[in-house]
Amino acid sequence: MVDAATLPAAAVAPRSRWVLWVAVAVPLLAACAPRDLWAPDEPRYGLVAQGMLDTGDLLVPRINGQPYAEKPPLAFAAMAATGLVAGEVTAVGARLACAAFAALAVFLVARLARRWFRDAATAETAALLFSTTGLVLWSGSRAALDLPMTACGLLALDAGTTLLERRSWPAALGFGAALGAGLLVKGPHVFYVPLAALVGGALASGRGRRLLDPRWLVGLALALGLAAAWLVPAVARAGDALAYNDDVSFGRRVLGQLSDRVAGDDVPHEHGPLYLFPLLLAFGLPWTPAWLLALPAALRPRRAPEGDRLGLGAAAWGLLVPLLALSLPRSKRELYLVPLLAATAWLGAYGLHRGIGPRGRAHLARGLGVAGLVAAVLAVAVPLLVAADALPLGADERAAARAVLGGPATSALGAVALLAAVGGVVALRLRDRAVASARAVGVAVAAAWVVVATAVMPAFDPWKSFASAARAGERAAPQAPLAIWGFSDASVLWSFPHRGLSPLGTVAYREAARVLAPTASPVLVLAKEKTWRERDRRAAPEDRAVLDRARILWAQPVGGIRYLLLTNAAP
């Protein structure tokens, strides 16, 4: 352990175990929000998990009986495990499974910081910064795969750190097993941060020759072997079946997905080469100033104390090399930044404790305090601006905002404002103690986010899921099957469980008219309003006559698109 007397003044901070437990608890508490799974990804993942629970098949993910080739099965199996208690996969259960991985990632951020910088207080600050970074807050409260993959990558980095420090076969095997688990969560993106961080840490600390140890190759071979242990039998079992929502086989699609993940050829997410850089600055808030101020020291590790060099090199390379690698392919998503935010947390914590001068720490503390007060003002102002129609919102967005902010969510925003104000005031009062100031703001952000996730976000359910459509259909035609007309969205099946799915296509007006005919069996049809309106121009007269007689049970924008629920069932 480093002698506290040799550290800068900011590094001599008391250890507060509660800071770590607050950081770990944030994703778990936020995941318990009483809301549905939100389109597009969450309901799809919930359906895959429910399929695993129903069939017991953990090898081939499926939706509506068709193999789902977009993602590997490990995270879905974890979501399915939560359904063993309730008998089915629930929205809260699916989110809690992913939140458990998120909490593990927070703990590992602290563990690695303590190993690298030999200081428990720095580790606790790093955990709090990571847990309360904007994009981590959002991802940690969702049924999503990025933080589970991040947790696997951090496990690999922890084992790899041991392998750098001493020749260890158990560490090599742990390194490979963790990378293999990450491959089975989301794919090759798990490699970026741990491999870059280990190379950077080794070079910065003068351990570059240890990267030539053959144990690394054994670990990588184990990772690929674990991925193959799933991929080969999965393709053998379902390789020739058509993949869900696709016209190619499961085997061809899943192998194509692997190559796309490496090459970044997923054209629907095509963006320019600099797309991720400003997003990193935005989604790294509120801690972006802290890690930016610490980055110069990390880029010059030879000027830092010898014991800090491995951690600084790992943090700098773990941030910048993956950022550059992710910027090269055409396909880019903001969620790709989630694993990189562990590196920003290490940099920010190091800067607060050791790497930023007294003037910089004072300015940072004041800035955090002012940011808290500004957030408090915004939390109070938003309901007032919505009520006065002072925000540039469309008609549907304005209606949704008024409905949400006219209920309990307004009181919740008041609590958010109070928490932000308290955090800001405390930070300003502690402006000469940067670590304490940052922790005050971090705890305020954590508490405010739990309030937002559990008391504000659920109010948006009618505009983010098809649950209200499902309730309308249950009242009108409890036993009727479901068809969707003009689009394909697995979130519909999540909201209408046990009804199966009959897709009618984009222009199949004659088929829609056939199933909605008064003499046909009762059916529910969910359609885009645009598709429904276009029937007047594109449908045959006899088809229009049938469609005009269909009852509209529900009309609502979901995700910015208006939908209708139709039925031919008698009133």
* To do: Give me the compactness ratio for the stretch 90-139, meaning the Cα radius of gyration over 2.2 N^0.38 Å.
  => 1.28
* Which of the lysines could a cross-linker bridge to Lys71, judged by Cα under 20 Å and excluding same-chain residues fewer than eight apart? -> Lys186, Lys332
* To do: Quick one: work out the % antiparallel among DSSP beta bridges in the chain, nearest 5.
  => 75
* What net charge is computed for the residues neighbouring Val185, neighbours being all others with C-beta under 11 Å from the C-beta of Val185, Lys and Arg scored +1, Asp and Glu -1? -> +1
* Between Val109, Ser139, Cys152, whose Cα lies farthest towards the positive end of the dipole of the stretch 91-204 when Lys and Arg beta carbons carry +1 and Asp and Glu beta carbons carry -1, centred on the Cα centre? -> Cys152
* Using 1/(1 + (r/R0)^6) with R0 = 35 angstrom and r between the beta carbons of Leu58 and Arg333, what's the FRET efficiency to the nearest 0.05? -> 0.85
* Just tell me which lysines come within less than 23 Å, Cα to Cα, of Lys530; anything on the same chain fewer than 8 places away is out. => Lys464
* Asked: Roughly how many Å is it from the Cα centre of the stretch 412-484 to that of the stretch 541-558, as a whole number?
  -> 36
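For Leu104, Leu368, what's the fewest-to-most ordering of other Cβ within 10 Å of each Cβ?
Leu104, Leu368
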* So how strong a dipole does the stretch 54-193 carry about its Cα centre when Lys and Arg Cβ are +1 and Asp and Glu Cβ are -1, to the nearest 20 debye? -> 360
* Please state, as a whole number in µm²/s, the translational diffusion coefficient that the Stokes-Einstein equation yields for the stretch 433-524 at 37 °C and 0.692 mPa s, with Rh defined as the Kirkwood radius across alpha carbon pairs. => 198
* **Karplus (6.51, -1.76, 1.60) ³J(HN,Hα), θ = phi - 60°, over the stretch 104-112, in Hz, Gly and Pro reported as x** => 4, 4, 4, 4, 5, 4, 5, 4, 5
* **Against the rule of thumb 2.2 N^0.38 Å, how large the Cα Rg of the stretch 466-567 comes out** => 0.97
* To do: Evaluate 2.2 N^0.38 Å with N set to the residue count of the chain, then give the Cα radius of gyration divided by it.
  => 1.05
* Structure fact -> The distance between the Cα centres of the stretch 212-247 and the stretch 56-133, in whole Å, is 21
* **Charge dipole (the chain, unit charges on Cβ, about Cα centre) - positive-most of Ile552, Thr567, Ala345** => Ala345
* Starting with the fewest neighbours, write out His363, His498, His353 ranked by other beta-carbon atoms found within 10 Å of each beta-carbon. => His498, His363, His353
* Asked: Taking the Cα centre of the stretch 466-567 as origin and charging only Cβ (+1 Lys, Arg; -1 Asp, Glu), how large is the dipole, in debye to the nearest 20?
  -> 140
* Do you know the relative contact order of the stretch 358-463, to the nearest whole percent, from alpha carbon pairs under 8 angstrom that are 6+ apart? -> 40
* Between Pro478, Tyr45, Ser521, whose Cα lies farthest towards the positive end of the dipole of the chain when Lys and Arg beta carbons carry +1 and Asp and Glu beta carbons carry -1, centred on the Cα centre? -> Tyr45
* the stretch 362-378 and the stretch 277-311: distance between their alpha carbon centers, rounded to Å -> 21
* To do: Any chance you could get the radius of gyration and Dmax over the Cα atoms of the stretch 462-510, in Å?
  => 11.0, 30
* Asked: What size of dipole, in debye to the nearest 20, comes out for the chain about its Cα centre when the only charges are +1 on Lys and Arg C-beta atoms and -1 on Asp and Glu C-beta atoms?
  -> 1380
* Report the convex hull volume per residue for the stretch 358-463, counting only C-alpha atoms, in Å³. => 92
* Arranged by the count of other C-beta atoms within 10 angstrom, fewest first, what order do Glu334, Glu124, Glu306 take? -> Glu306, Glu334, Glu124
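Read-outs: derived from the displayed coordinates by stated rules, not from any lab. The shown structure was predicted, so the numbers you read here are calculated from the model rather than taken from an experiment. Don't worry about glycine lacking a Cβ; one is built from the backbone with ideal geometry, like all the others, and counts go over all protein chains shown.
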